[in-house]
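Reading through the structure tokens given below for one structure.
The values are calculated or read from the model by the stated rules, or taken from the named source; none is laboratory data. Since the structure is predicted, the reported quantities are computational estimates derived from the model, not experimental observations. Heads up, the Cβs are rebuilt from the backbone with ideal geometry, glycines too, and the neighbour counts pull from every protein chain shown. To get the accessible areas, we keep the full protein, side chains included, count just its heavy atoms, and leave off ligands, DNA and RNA. Shrake-Rupley method; radii C 1.70, N 1.55, O 1.52, S 1.80 Å.
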Amino acid sequence: MFQPLYRPRRLRSNENIRRMVRETKLSPDDFIYPLFVTHGKGVKKEISSMPGNFQQSIENIVKDCEEVQGLGIPAVLLFGIPEHKDEAGSEAYSDEGIVQHAIKAIKNKLPELIVITDVCLCEYTSHGHCGVIKNGTVQNDATLELLAKEALSHAKAGADMVAPSDMMDGRVGAIRHTLDSEGFSDTPIMSYAAKYASSFYGPFREAAESTPQFGDRRSYQMDAPNSREALREVALDVDEGADIVMVKPALAYLDIIYQVKQQFNLPVAAYNVSGEFSMIKAAAKLGWIDGERAMMESLIAMKRAGADIILTYFAKEAAALLNK
Ligand code: PBG
């Protein structure tokens, strides 16, 4: 009988051996949990396409944050659903905006929890685009001013970090400049550096009520076939002062996460987006896959590819499993 010279199976024979040679490990430390905050009292409205995720009013958000902190997750990412939308997305940068109030409430109760805010206009504009519209197109430089105002109002309200997700050119520089000149030079920026125009954002747009009312986001978000361009986008954001760079989505872009990790010496974040979450939930519900295993397998894939930080709707579920 032929006897192989090498037998990698030796190191797979039982769980303890596998644990000893495991190259990548997940921890609750790795996660950021996204939350959707809305006006009102006692609101907890499930997002039908994202089971277990809710639009919540502030006191429920604070409760959720307590749970997040109790699970050992260090940070949350806030998205706001405004009372009124308008052309210029004015609630985004109003000191009385929903996110600004939520930041204060969370920091008041849980001063240690890191509160990160998504800086973008799409949830706040009546047209659903991430910037100012003129003649039917999104205006880059006019948008920068509003994004900088939004980031500043978040920082003033007590946000620990801001995360611009709009993909306008120069926004990291514009936000950094404004924060620095207003006394917030210690507030870090996590930029959605390589963000692709993706079908996997579908469920999020229900969650955040941010579907564009005309056209799509392809004139500002990246084209899926491109990877060298992603490195260029990341390099620009690093140059402009980003502290953490993000790749989004995660699963269909593991090659981008890997390349960014190899080429830059900053922490790399991966956004495990809504569609990636919902696909697993849906297939598990139909009994087609083991949802828990598929969740852990995809999270470990992101980490193995190079993500230091994972933004995920699975954060609480995965942390609870890891804490067992
Ligand atoms: C806002 C924003 C989006 C997501 C995060 N920030 C949606 C979009 O660009 O359309 C997507 C998050 C997800 O799908 O989980 N610009």
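Please go through the stretch 157-200 and give me each residue that is crowded, with 22+ Cβ neighbours inside 10 Å, part of a helix (DSSP H, G or I) and within 16 Å of the ligand (Cβ to nearest atom), ordered by number.
Those that are crowded, with 22+ Cβ neighbours inside 10 Å, part of a helix (DSSP H, G or I) and within 16 Å of the ligand (Cβ to nearest atom): 171, 172, 175, 200.
Would you mind finding the one in 251, 286, 266 that is more than 16 Å from the ligand (Cβ to nearest atom), in contact with a helix residue (DSSP H, G or I) (Cβ under 8 Å, 6 or more places away or on another chain) and open to solvent by 20 Å² or more (accessible area, probe 1.4 Å)?
Residue meeting the stated conditions: 266.
Filter the stretch 134-147 down to the residues that are within 16 Å of the ligand (Cβ to nearest atom), part of a helix (DSSP H, G or I) and open to solvent by 10 Å² or more (accessible area, probe 1.4 Å) and list them by number.
140, 144, 146
Please give the number of the condition residue 212 fails out of (1) within 27 Å of residue 45 (Cα to Cα); (2) open to solvent by less than 50 Å² (accessible area, probe 1.4 Å); (3) assigned to a helix (DSSP H, G or I); (4) not polar (S, T, N, Q).
Status for residue 212: all satisfied but (3).
Go through 80, 131 for me and flag whichever is open to solvent by less than 10 Å² (accessible area, probe 1.4 Å), in contact with a strand residue (DSSP E or B) (Cβ under 7 Å, 6 or more places away or on another chain), without any contact (Cβ under 8 Å) to a residue 60 or more places away in the chain and within 12 Å of the ligand (Cβ to nearest atom). Even if it seems obvious, please write down each step before you answer.
Numbers: 131 fails: without any contact (Cβ under 8 Å) to a residue 60 or more places away in the chain.
Result: 80 is the single residue among 80, 131 that is open to solvent by less than 10 Å² (accessible area, probe 1.4 Å), in contact with a strand residue (DSSP E or B) (Cβ under 7 Å, 6 or more places away or on another chain), without any contact (Cβ under 8 Å) to a residue 60 or more places away in the chain and within 12 Å of the ligand (Cβ to nearest atom).
Is it the case that some residue within the stretch 217-225 is open to solvent by 10 Å² or more (accessible area, probe 1.4 Å), part of a loop (DSSP other than H, G, I, E, B), within 15 Å of the ligand (Cβ to nearest atom) and aliphatic (A, V, I, L, M)?
Looking for residues that are open to solvent by 10 Å² or more (accessible area, probe 1.4 Å), part of a loop (DSSP other than H, G, I, E, B), within 15 Å of the ligand (Cβ to nearest atom) and aliphatic (A, V, I, L, M), one finds at least one in the stretch 217-225, hence yes.
Is at least one residue of the stretch 231-241 open to solvent by less than 10 Å² (accessible area, probe 1.4 Å), assigned to a helix (DSSP H, G or I), at pLDDT 95 or above and touching a Phe, Trp or Tyr at 6+ places or on another chain (Cβ under 8 Å)?
Quick first cut of the stretch 231-241, residues open to solvent by less than 10 Å² (accessible area, probe 1.4 Å) only: 234, 237.
Subset that is assigned to a helix (DSSP H, G or I): 234, 237.
Going one step further and asking which of them are at pLDDT 95 or above, we end up with 234, 237.
In the following step, the residues that additionally are touching a Phe, Trp or Tyr at 6+ places or on another chain (Cβ under 8 Å) were identified as 234.
Scanning the stretch 231-241, I find at least one residue that is open to solvent by less than 10 Å² (accessible area, probe 1.4 Å), assigned to a helix (DSSP H, G or I), at pLDDT 95 or above and touching a Phe, Trp or Tyr at 6+ places or on another chain (Cβ under 8 Å), so the answer is yes.
Return the pair list, or none, for Cβ contacts closer than 6 Å from residues in the stretch 20-43 that are farther than 22 Å from residue 317 by Cα to residues that are of a type in the set (Asp, Glu) and assigned to a loop (DSSP other than H, G, I, E, B), at least 6 apart or on different chains.
39/83
What do you reckon, is residue 121 open to solvent by less than 10 Å² (accessible area, probe 1.4 Å) and either of a type in the set (Lys, Arg) or assigned to a loop (DSSP other than H, G, I, E, B) (or both)?
yes
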